[in-house]
Structure formats: structure tokens, C-alpha cells
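This report concerns only the one structure given below.
The values are calculated or read from the model by the stated rules, or taken from the named source; none is laboratory data. Owing to the predicted nature of the structure, the values given are computational and were not obtained by experimental measurement. Please note: Cβ atoms are built from the backbone with ideal geometry, for glycine as well, and neighbour counts cover all protein chains shown. Only protein heavy atoms, including side chains, enter the accessible area calculation; ligands, DNA and RNA are left aside. Shrake-Rupley method; radii C 1.70, N 1.55, O 1.52, S 1.80 Å.
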Amino acid sequence: MDTKQLDNKYIMHTYGRYDVALKEGKGCRVLDENGKEYLDVSSGIGVNSLGYCDDGWVQAVTAQAGKIQHMSNYFYSEQSSKLAQTLCEKTHFSKVCFGNSGAEANECAIKLARKYSFDKYGIGRNEIITLRDSFHGRTVTTLSATGQDSFHNYFFPFTQGFKYAEADIDSVKSLLSGKTCAILIECVQGEGGVNILNKDFVKALRKLCDEHDLSLIVDEVQTGIGRTGKLFCYENFDIEPDIVTCAKGIGGGLPIGVCLCSKKLEDVMQPSTHGSTFAANPVVCAGANYVLSVVADDDFLNEVVKKGEYLKNKLLKINGVKSVRNLGLMVGIELENADAHDIAVKCVKNGLLIITAKLLLRMLPPLTITYEELDKAVEILDNTLHQED
Ligand SMILES: *Cc1c(COP(=O)(O)O)cnc(C)c1O
């Protein structure tokens, strides 16, 4: 049996896959098992932030794998200490907690916000307000946090204590009560359709959280680590969250989740309140340290902004593109009268790996993508939109 047949026979069908088995890549280019080449503007959903097999990243990861590949969290580890230091020194945060995925980082954030409230106000003040069209993960609790009814099915009972608001301040205020302990948002909703929140709304949420001693949690699993042209997306909104989570892009391709917190929350978690066997893995952290050494740089981040503008302007010239919304290299493309999923499937056939978000096409290219590669991606999309079937 070939790869696809084995997958169909032995792997649970939790994904609708494109009809391609990827084998090896470099930068924005990747080959399938038959040697066909693709240009990738999805980077494994924003994970391969430096593209496939960046030389420096491969070097950092392989060197660490040859030294010590894992130690339990009962021991100190150089790579995770260094990663935590960089994350805190580049932001206003004072401590981090490591996990292995976005959902886990959000679980940590939820536990942290609830325990802060429990320690200070006692039992019963534990509700978290999240937004409609949000996405926060696939565990039973993060599904609960996700403000889309379609995710609240089959797996009953779900974790209690989440309320879903529209993205406006009156809607949030109407859900606020003496039981509320936190507000959880994505500044740009990725899975929900590349919805960029209004800046005044985000600032009003910050104010509301200050007034009521609520934790403002920003889920930056998709937007974090340079994706929007800032190290963290919240910087575009002139606020400082109490808690931020990141995952996808920080490891450069290896699984990691991070929950960062401000000074106010730094001592809330104590031994045995949280943990994970694989968290802070030194090989993964070595990769993340390398990613940060490249991305946490003003010139690099300014280039991300420029590339995003360049890409947006080119996309808007395509006949059949209705609108484009982007923050840096997080890009949603609304089509005039074509089905985004159908077009994505055709793009893949034509050598462009692209994804969707709700009714939009979505691009999350490697942050290192070149202008020539952006031109090429736009050309393939343009041709695909105008090809006769
Ligand atoms: C992908 C994503 C998650 C879930 O991350 P996993 O690593 O798949 O658990 C959570 N929040 C946001 C905003 C995401 O984009």
C-alpha cells in the first residue's frame, strides 16, 4: 500500500486532506512523493515560520538532539531557561510556562486566570468571556472556550464557565458579572475568518479588565512570533495583556506551546498545579531559540509588514478577488463568486499550497518568503481563478 492508502486504512479520519503526500522541502518549496514541486504559502498553518528546513534551525535542532534530547522537568535545562529569558526580555511579561501545543497553552492560561481569581476572591468567580467566531483548541475545555456552536457537540459534558460575546464592548459588558474572572480574545481571529478586531474595542476590553481585576488573555497561537509584523500581535493594538499564549510559529516546526504572564500573575502557579512530561523539551526549545534569534529583530519584523502590504496590493489587482484583509503575513482573501475550498483544491493541483478560513482563502506564508515567491503565488492564484474546468 502507498502512503495515502496506509493513512486511510490506519489513521482515524479526523482531517479532510488534500490529495498530496509531502516528502521534503527547503524554504517555501516542497516536493511531494512523486517529485512534483509546490510553493507553500500555508507553512503548515503558520508553523514553519522560517520555511522548510532553514539551515540555522536544522543546525540548532540537530546539535541539541546530539547533546541531550530530553530531561524531566525535575531538572534545570539550559535551552528552556534561555527561551523564557528571551520571551520575557522582549516583552513586558515576567514568567512563562511551557507546554506542547496551542490548546495546552490555552489550558494553562485558563487555569492561571481561574487560580488567580480563586486565590484572591474565593470560589465561584471563574467565568471567562470569549468571542463569537473564536478558536482556542480541541481539548474539551478549549472547545468550550471556542465561541462557535458547531464545536459544542458530541463530547458532552463540556467544561462549564464560558460565555460568548459579540466583538463589541456592550455585548461583553452585558455578560459581565461578579462571577467573571477573565476575558479571552484573539486580536486577529485566524480560524474564524481572519477577522481583525477593532482597536478601540480591544483597548476598551483592557480598560474593563483593569476596572474589574479581570485577566485579559490574548490567544496568539496563530498571530504570535512575527506573523503580524510585530513580535506579538497585541502590540498592534497598544495594549498589554495579562496573559498571552503562543504556539504554532515559535518552534519553527516542532511542537511547543507557551503561556506568558505579567508580574501580577507570576506566583499564582505553584508546584503540582500544572505540568507536562514533554513540556520545555530541549530540542524543541533549541529550535524556538533559533526562531527568536531571527524573528525578534526590528528589521526582520518591518520586512514582514512590507511583504504583507506588497502581497495585499497584488492580490487586490486579481479579477475575482473581492477584498483582502491582512495584518503582516496573516492574510485572508475574500473571493467574488467562487468557493474558497474549491479554489484551494485547484491551487494545490496547480502547485500552490494554500488554506482556507471559513469562506476565505488564507495565506500564512513563511516569514522568510521572498518577493519573487509572493509574485509566483499571486500568479498561480490568478491563473487558478481564471482556468476553465
Ligand atoms: C491553532 C490554534 C489553536 C490550537 O493550537 P493546537 O496547537 O492545534 O492545539 C488555538 N488557538 C488559536 C488561535 C489557533 O490558531
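Residues in the stretch 86-94: is at least one charged (D, E, K, R), surrounded by fewer than 18 Cβ atoms within 10 Å (Cβ to Cβ), free of Cβ contacts under 8 Å to residues at least 24 places away in the same chain and away from the ligand (no atom under 16 Å from the Cβ)?
yes
So which helices (runs of 4 or more DSSP H) stay within the stretch 63-162 end to end and still have 2 or more residues that are within 22 Å of Pro271 (Cβ to Cβ)?
Passing ranges, in order: 78-89, 102-121.
Please go through the stretch 111-128 and give me each residue that is β-branched (Val, Ile, Thr) and within 16 Å of the ligand (Cβ to nearest atom), ordered by number.
Matches in the stretch 111-128: Ile128 only.
Is it true that Ala145 is at pLDDT 95 or above, open to solvent by less than 30 Å² (accessible area, probe 1.4 Å), within 16 Å of the ligand (Cβ to nearest atom) and within 20 Å of the chain's Cα centre (by Cα)?
yes
For the list (1) over 26 Å from Thr91 (Cβ atoms); (2) open to solvent by less than 40 Å² (accessible area, probe 1.4 Å), I need the number of the one condition that Gln160 fails.
(2)
If you take the residues in the stretch 10-31 that are open to solvent by less than 90 Å² (accessible area, probe 1.4 Å), closer than 20 Å to Ile355 by Cα and out of contact with any Phe, Trp or Tyr (no Cβ under 9 Å at 6 or more places or on another chain), which one is nearest to the ligand (Cβ to nearest atom)?
Of everything passing the filter in the stretch 10-31, Gly16 is nearest to the ligand (Cβ to nearest atom).
Residue-wise test of (1) open to solvent by less than 20 Å² (accessible area, probe 1.4 Å); (2) of a type outside the set (Val, Ile, Thr).
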site: Pro271; (1), (2): no, yes
site: Ala288; (1), (2): yes, yes
site: Leu292; (1), (2): yes, yes
site: Val304; (1), (2): yes, no
site: Glu309; (1), (2): no, yes
site: Leu352; (1), (2): yes, yes
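Which of the numbered conditions does Gly66 fail, given that it passes all the others? Conditions: (1) open to solvent by less than 90 Å² (accessible area, probe 1.4 Å); (2) without any contact (Cβ under 8 Å) to a residue 40 or more places away in the chain; (3) not assigned by TED's automatic domain parsing to the domain that holds Ser272.
Checking Gly66 against (1) open to solvent by less than 90 Å² (accessible area, probe 1.4 Å); (2) without any contact (Cβ under 8 Å) to a residue 40 or more places away in the chain; (3) not assigned by TED's automatic domain parsing to the domain that holds Ser272, the one that fails is (3).
For the condition more than 22 Å from Val221 (Cβ to Cβ) and of a type in the set (Val, Ile, Thr), what is the one hit in Ile318, Ile333?
After ruling out the rest, the residue left standing is Ile318.
Under 8 Å between Cβ atoms, which residue pairs at least 6 apart in sequence (or on different chains) link something in the stretch 238-251 that is under 14 Å from Ala296 (Cβ atoms) with a partner that is among the aromatic types (Phe, Trp, Tyr)?
Qualifying pairs under 8 Å: Cys246/Phe232.
What are the residues in the stretch 172-195 that are more than 16 Å from the ligand (Cβ to nearest atom), open to solvent by less than 20 Å² (accessible area, probe 1.4 Å) and not in a strand (DSSP E or B), if any?
Val172
Got at least one residue in the stretch 32-42 being outside the structural domain of Phe151 (by TED's automatic domain parsing), at pLDDT 95 or above, open to solvent by less than 100 Å² (accessible area, probe 1.4 Å) and of a type in the set (Ser, Thr, Tyr)?
Looking through the stretch 32-42, at least one residue is outside the structural domain of Phe151 (by TED's automatic domain parsing), at pLDDT 95 or above, open to solvent by less than 100 Å² (accessible area, probe 1.4 Å) and of a type in the set (Ser, Thr, Tyr).
Does any residue in the stretch 28-44 that is closer than 16 Å to Leu374 by Cα and free of Cβ contacts under 8 Å to residues at least 60 places away in the same chain come within less than 7 Å, Cβ to Cβ, of a residue that is of a type in the set (Asp, Glu) and surrounded by fewer than 23 Cβ atoms within 10 Å (Cβ to Cβ) six or more places away or on a different chain, and which pairs are these?
So the pair list comes out as Arg29/Glu37.
Restricting to the stretch 345-378, give me the number of residues that are free of Cβ contacts under 8 Å to residues at least 40 places away in the same chain, closer than 25 Å to Asn195 by Cα and part of a helix (DSSP H, G or I).
Total satisfying the criteria: 1.
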